[in-house]
1. Can you pull out the residues in the range 115-159 that are touching a helix residue (DSSP H, G or I) at 6+ places or on another chain (Cβ under 8 Å) and more than 25 Å from residue 88 (Cβ to Cβ)?
2. Can you spot a residue in the range 90-97 that is modelled with pLDDT of 95 or more and farther than 17 Å from residue 188 by Cα?
3. Does at least one position in the range 60-75 carry a residue that is assigned to a helix (DSSP H, G or I) and under 12 Å from the mean Cα position of the chain (by Cα)?
4. Check whether at least one residue in the range 94-102 is touching a residue at least 24 places away in the same chain (Cβ under 8 Å), in a loop (DSSP other than H, G, I, E, B) and under 27 Å from residue 7 (Cα atoms), and report yes or no.
5. Which count do you get for residues in the range 1-41 that are assigned to a helix (DSSP H, G or I) and touching a helix residue (DSSP H, G or I) at 6+ places or on another chain (Cβ under 9 Å)?
6. Return the only residue of 172, 179 being part of a helix (DSSP H, G or I), at pLDDT 95 or above and exposed (fewer than 12 other Cβ atoms within 10 Å of the Cβ).
7. With 120, 63, 67, 42 as the choices, which residue is more than 18 Å from residue 193 (Cα to Cα) and surrounded by 15 or more Cβ atoms within 10 Å (Cβ to Cβ)?
8. Could you check the range 135-172 and list, in sequence order, the residues that are without any contact (Cβ under 8 Å) to a residue 60 or more places away in the chain and closer than 14 Å to residue 30 by Cα?
């Protein structure tokens, strides 16, 4: 029986990044937390949020004390939030990162956030991943996801220089991802429709936040 540890997470990151055509992958405990880390890393002060998306993405504006602009768009598979940062929670397509990064060449850095929540194509119950083409960002985002430390090195032996947020993916979930990945690759993904999400601007919680 193989040992499950953070080497398992690294292998899972490599396999998912390879499928999507991304140079680097950073596994996190949820897609929303992945987006949050990207916004923090880039120092973003303003985001564009579709009226129809998941609650937690819209709530990041309050959590991070940044401006939220509601946008009324018919997005498919993914949408742009700010400065090369994308919510791609429902996206599952080979080489999708490579396609998106090349389609928007003006943005030299791309941060594609995907989800492994139980309704998504690769169902792990929870989890997500940041896919990027920025090596320095990948290192910093890994630290930010894991209490400011790098995995596989005892934290007491590290000189921590980064604020961390305890958003790392558990090795057990990474192992489950590796086991389910071959079937996910062979299976046709669901095509989500924008109408499957309600208009968030009509909810009292967001009216209060306006």
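1. Across the range 115-159, the qualifying residues are 147, 149, 150, 152.
2. Taking every residue of the range 90-97 in turn, at least one turns out to be modelled with pLDDT of 95 or more and farther than 17 Å from residue 188 by Cα.
3. Checked the range 60-75: no residue is assigned to a helix (DSSP H, G or I) and under 12 Å from the mean Cα position of the chain (by Cα).
4. Looking through the range 94-102, at least one residue is touching a residue at least 24 places away in the same chain (Cβ under 8 Å), in a loop (DSSP other than H, G, I, E, B) and under 27 Å from residue 7 (Cα atoms).
5. Of the residues in that region, 24 qualify.
6. Only one candidate qualifies: 179.
7. Every option except 42 fails the conditions.
8. 146, 166
The values are calculated or read from the model by the stated rules, or taken from the named source; none is laboratory data. Note that the coordinates shown come from a computational prediction; the quantities given were computed from them, not determined experimentally. Neighbour counts run over all protein chains shown; Cβ positions are idealised from the backbone, glycine included.
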